[in-house]
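Okay, structure first, notes after.
The values are calculated or read from the model by the stated rules, or taken from the named source; none is laboratory data. Worth saying up front: this structure is predicted, and the values here are computed from it rather than measured. Every residue, glycine among them, receives a Cβ derived from its backbone with ideal geometry; neighbour counts consider all protein chains shown.
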Ligand code: ASP
């Protein structure tokens, strides 16, 4: 755990806009510009997927879900096909969505079935949510739901295929996905990783989506903040959408996303609200970061880890970054 100052990219985007993250961590296994470009391309592809949905008139939730699905499919981050294994070599997926305009909210955790956990989380939101539920489906129940609803299955080949594709260990997702000739052994454990997106549509509605394979080498059944509304995902109409990454236990105990929203309601700026919530995470010994956007297009991508893969796109263009600037 680092004790670094909060780094923040903040600004104002035109509507619609989408932001993504590819996890917070040390990035101590990023070796060269090729590695950086490989991850940056993964972020850009996700921004393009989210942007396509928004430009086609989709909702903020469409934009966030399509961006996260692209990150899951890329195999380059710790979610979906790129997920890191648990201590017994299994794979368990956590994913969540929340929509500000409608209050739709749904999640899965410790799921093993879905090829795209984020789509199943959205489906849970569609059939459940508050107040009657279900809001969060776990393990075998999540898998049965995904199967019954006809969602494609994650096969061992898809997980292995992502690794053979030519990726790499990046010190955030924990997977050594470098393919033949890449020259890296898959490490036993790593620091962090997760993907997420927040979006704001032309109507100023905001939504968030988060997906993760969890912590590398985590105990089977361990679940972090990613599928927990108010912790790793949050969207409140007229205020903010947030997707977080980092030391999940600390984000849960801090009530991270709720804390950001509460500070906003107390009059803090978005950057101040996020920095204060990250301090609460740091006080618990955790680190990480988040992306957040308001209905007016104000955003902040902030972290107190060494690095966080992040990017944003609006009609004016796109930016992707891994390290502090
Ligand atoms: N927050 C995720 C978890 O605790 C992991 C991460 O973001 O790196 O499961």
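Output the qualifying pairs, or none if there are none: Cβ atoms under 8 angstrom, residues six or more apart or on different chains, first residue in the range 204-228 and free of Cβ contacts under 8 Å to residues at least 40 places away in the same chain and under 18 Å from residue 254 (Cα atoms), second residue near the ligand (Cβ under 10 Å from one of its atoms) and in a loop (DSSP other than H, G, I, E, B).
225/231; 225/232
From the list 105, 68, pick out the single residue that is touching a strand residue (DSSP E or B) at 6+ places or on another chain (Cβ under 6 Å) and under 21 Å from residue 150 (Cβ atoms). Talk me through it step by step, then tell me what you get.
Working: 105 fails: under 21 Å from residue 150 (Cβ atoms).
Sole residue among the options that is touching a strand residue (DSSP E or B) at 6+ places or on another chain (Cβ under 6 Å) and under 21 Å from residue 150 (Cβ atoms): 68.
What's the total number of residues in the range 1-16 that are out of contact with any helix residue (DSSP H, G or I) (no Cβ under 6 Å at 6 or more places or on another chain) and farther than 13 Å from residue 300 by Cβ?
Taking the range 1-16 and keeping what is out of contact with any helix residue (DSSP H, G or I) (no Cβ under 6 Å at 6 or more places or on another chain), we get 1-5, 7, 9, 11-15.
Next, only the ones that are farther than 13 Å from residue 300 by Cβ stay: 1-5, 14-15.
So the count comes out to 7.
Just the residues that are surrounded by fewer than 21 Cβ atoms within 10 Å (Cβ to Cβ) and touching a helix residue (DSSP H, G or I) at 6+ places or on another chain (Cβ under 9 Å), please, taken from the range 295-318.
Those that are surrounded by fewer than 21 Cβ atoms within 10 Å (Cβ to Cβ) and touching a helix residue (DSSP H, G or I) at 6+ places or on another chain (Cβ under 9 Å): 298, 315, 318.
Between a residue in the range 242-268 that is over 14 Å from residue 282 (Cα atoms) and free of Cβ contacts under 8 Å to residues at least 24 places away in the same chain and any residue that is outside any loop (DSSP other than H, G, I, E, B) and more than 9 Å from the ligand (Cβ to nearest atom), which pairs come within a Cβ distance under 6 Å, given they are 6 or more apart or on different chains?
Sorted first by the residue in the range 242-268, then by its partner, the pairs are 263/273; 263/276.
Only residues that are within 13 Å of the ligand (Cβ to nearest atom) and out of contact with any helix residue (DSSP H, G or I) (no Cβ under 6 Å at 6 or more places or on another chain): list them for the range 92-113, please.
92, 94, 109
Which residues, counting only those in the range 202-235, are crowded, with 24+ Cβ neighbours inside 10 Å and closer than 25 Å to residue 56 by Cβ?
Hits for the range 202-235 are 206, 207, 208, 209, 210, 211, 233, 235.
Looking at 58, 80, which is the one that is surrounded by fewer than 24 Cβ atoms within 10 Å (Cβ to Cβ) and in contact (Cβ under 8 Å) with a residue 40 or more places away in the chain? Working first, answer last.
Values: 80 fails: surrounded by fewer than 24 Cβ atoms within 10 Å (Cβ to Cβ).
Just a single option satisfies the conditions, and that option is 58.
Are any residues in the range 11-49 in a helix (DSSP H, G or I) and either more than 17 Å from the chain's Cα centre (by Cα) or over 17 Å from residue 194 (Cα atoms) (or both), and if so, which ones? Outline the logic, then answer.
So in the range 11-49, the residues in a helix (DSSP H, G or I) come out as 33-49.
Of everything in the range 11-49, those that are in a helix (DSSP H, G or I) and either more than 17 Å from the chain's Cα centre (by Cα) or over 17 Å from residue 194 (Cα atoms) (or both) turn out to be 33, 34, 35, 36, 37, 38, 48, 49.
Return the residue satisfying two criteria in turn: it lies in the range 244-270 and is farther than 20 Å from residue 224 by Cα and surrounded by fewer than 19 Cβ atoms within 10 Å (Cβ to Cβ), and of such residues it is farthest from the ligand (Cβ to nearest atom).
The selected residue is 267.
Of all residues in the range 194-207, which are under 21 Å from residue 142 (Cβ atoms) and either modelled with pLDDT under 95 or out of contact with any helix residue (DSSP H, G or I) (no Cβ under 6 Å at 6 or more places or on another chain) (or both)?
If the condition is that a residue be under 21 Å from residue 142 (Cβ atoms) and either modelled with pLDDT under 95 or out of contact with any helix residue (DSSP H, G or I) (no Cβ under 6 Å at 6 or more places or on another chain) (or both), then 194, 196 are the ones that fit.
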